[in-house]
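Accompanying notes for the structure given below.
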Amino acid sequence: MPAEPKPPAACLIGWPAAHSRSPLIHHYWLRALGIEGGYTIESVPPEDVADFVGRLSRHGFVGANVTIPHKERALLLSVSDEPAKAVGAANTLWYQGGTLFSTNTDIEGFLNNLDASAPGWDAATDALVLGAGGASRAVVFGLIERGIKRVHLANRTAGRAQALADQFGAAVVPVAWETVGEVLPRAGLLVNTTSLGMKGQPALDIDVGLLPQEAVVADLVYVPLQTPLLTAARARGLRTADGLGMLLHQAVRGFELWFGKRPEVTPELRALVEDDLTKV
Ligand code: ATR
């Protein structure tokens with residue numbers, strides 16, 4: 001008798017294998033959609049990542065998520081799409097016709113979460129993005145793609161904001177970190193991509209009272225779920241999009257590519273991950 005084909009499995013490749021919510025998310029969707037499949041965490045040191053990714057299918061995987069510190073390498077170890085190249089990092093790998101492809105789903109995760117949390121947010125002409133690291137690159141790319149005219153970009157280290165402006169062109173306007181207050185009254189969207197406000201980090205010192213009444217505030221930080229920035233924005237009656245929403249939305253396409261069905265970000269899934277986050 002021929003051997004039973006194994007159910008498809010994907011994994012998260014990282015080092016060290018941090019406590020990730022990705023298995024929780026993908027197992028929920030596998031269960032919800034009645035798909036027999038798996039998702040594991042694979043701890044792979046930098047010196048082994050090329051070999052591991054090169055043999056991904058021989059290790060039994062139909063694809064993978066990639067996290068710190070391998071996202072830049074993943075780009076070079078696969079056929080990456082233009083958005084991933086522009087962001088300089090890939091977080092999702094999958095096979096098509098035997099070839100390993102990659103993309104960066106943080107871009108759509110950010111945009112789809114905003115669409116779900118604050119529909120119409122893209123009526124803004126001006127956005128203010130804080131931070132110029134890896135997450136900021138995905139956010140800036142997404143905002144330009146969605147037609148935001150000016151992305152004001154403030155970063156503690158001015159040179160990194162300038163580097164993004166040099167890469168992404170005239171839509172990105174570097175702003176000195178000390179002068180953020182001057183841009184707030186024009187910002188229809190404020191996005192925090194820095195680690196400020198994260199558990200154990202200082203809070204972000206921003207006066208949301210200076211934002212326009214219709215402004216939307218997004219924070220990529222999700223530990224804690226309610227960052228001081230989001231709390232202040234909600235207290236002022238502004239619409240918000242939180243980091244957990246982005247985390248859930250960025251996971252959708254990987255699942256679809258590996259397991260063949262597009263999953264939904266449901267309130268039940270959110271509650272499940274929220275519950276897990278409170279155990280931190
Ligand atoms: P990620 O991939 O999450 O974007 P990163 O590339 O390490 O992570 O970027 C972290 C961002 O948070 C950077 O914009 C960083 O500013 P610098 O470029 O000046 O380092 C910002 N950041 C971290 N701690 C900060 C602090 N105490 N004050 C202001 N910005 C801070």
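Residues in the range 143-167 that are of a type outside the set (Lys, Arg), open to solvent by 20 Å² or more (accessible area, probe 1.4 Å) and more than 9 Å from the ligand (Cβ to nearest atom): Ile144, Glu145, Gly147, Gln162, Ala163, Asp166, Gln167. Of the numbered criteria (1) touching a Pro at 6+ places or on another chain (Cβ under 8 Å); (2) part of a helix (DSSP H, G or I), the one Leu153 fails is (2).
Inspect the range 170-188 for any residue being within 30 Å of Pro8 (Cβ to Cβ) and not hydrophobic (A, V, I, L, M, F, W, C) and give the result as yes or no.
Residues of the range 170-188 that are within 30 Å of Pro8 (Cβ to Cβ), as a first pass: none.
Looking through the range 170-188, none of the residues is within 30 Å of Pro8 (Cβ to Cβ) and not hydrophobic (A, V, I, L, M, F, W, C).
Can you tell me which residue among Ala233, Ala251, Ala203, Ala241 is crowded, with 17+ Cβ neighbours inside 10 Å and more than 17 Å from the chain's Cα centre (by Cα)?
Values: Ala251 fails: more than 17 Å from the chain's Cα centre (by Cα); Ala203 fails: crowded, with 17+ Cβ neighbours inside 10 Å; Ala241 fails: more than 17 Å from the chain's Cα centre (by Cα).
After applying the criteria, what remains is Ala233.
Scanning the range 92-142 for residues that are within 14 Å of the ligand (Cβ to nearest atom), open to solvent by 10 Å² or more (accessible area, probe 1.4 Å) and not in a helix (DSSP H, G or I) yields a single hit, Gly133. Against the list (1) without any contact (Cβ under 8 Å) to a residue 60 or more places away in the chain; (2) touching a strand residue (DSSP E or B) at 6+ places or on another chain (Cβ under 8 Å), the condition Pro45 fails is (2). When we screen Arg137, Arg146 for residues that are farther than 20 Å from Leu244 by Cα, touching a residue at least 12 places away in the same chain (Cβ under 8 Å) and not acidic (Asp, Glu), the only hit is Arg146. None of Leu244, Leu220, Leu196, Leu229 is in contact with an Asp or Glu (Cβ under 6 Å, 6 or more places away or on another chain), within 16 Å of the ligand (Cβ to nearest atom) and hydrophobic (A, V, I, L, M, F, W, C) except Leu229.
Residues of the range 202-219 that are under 16 Å from Val139 (Cβ atoms) and among the charged types (D, E, K, R): Asp219 alone. Taking first residues from the range 263-280 that are over 16 Å from Tyr222 (Cβ atoms) and partners that are buried (at least 16 other Cβ atoms within 10 Å of the Cβ), the Cβ contacts under 7 Å between residues at least 6 apart in sequence or on separate chains come to Pro263/Trp29; Pro263/Val252; Pro263/Phe255. Take Ala171 and decide whether it is open to solvent by 10 Å² or more (accessible area, probe 1.4 Å), more than 13 Å from the ligand (Cβ to nearest atom) and more than 18 Å from Arg239 (Cα to Cα). Considered against the rule, which asks whether it is open to solvent by 10 Å² or more (accessible area, probe 1.4 Å), more than 13 Å from the ligand (Cβ to nearest atom) and more than 18 Å from Arg239 (Cα to Cα), Ala171 comes out as yes. Residues in the range 108-138 that are over 14 Å from Ala154 (Cα atoms) and among the charged types (D, E, K, R): Glu108, Asp115, Asp122. Looking at the range 179-193, can you tell me whether even one residue there is open to solvent by less than 10 Å² (accessible area, probe 1.4 Å), touching a Lys or Arg at 6+ places or on another chain (Cβ under 8 Å) and of a type in the set (A, V, I, L, M, F, W, C)? No, that holds for no residue.
The values are calculated or read from the model by the stated rules, or taken from the named source; none is laboratory data. Quick caveat: nothing in here was measured; it's all calculated off a predicted structure. Please note: Cβ atoms are built from the backbone with ideal geometry, for glycine as well, and neighbour counts cover all protein chains shown. Ligands, DNA and RNA are excluded from the accessible area calculation, which covers all protein heavy atoms including side chains. Shrake-Rupley method; radii C 1.70, N 1.55, O 1.52, S 1.80 Å.
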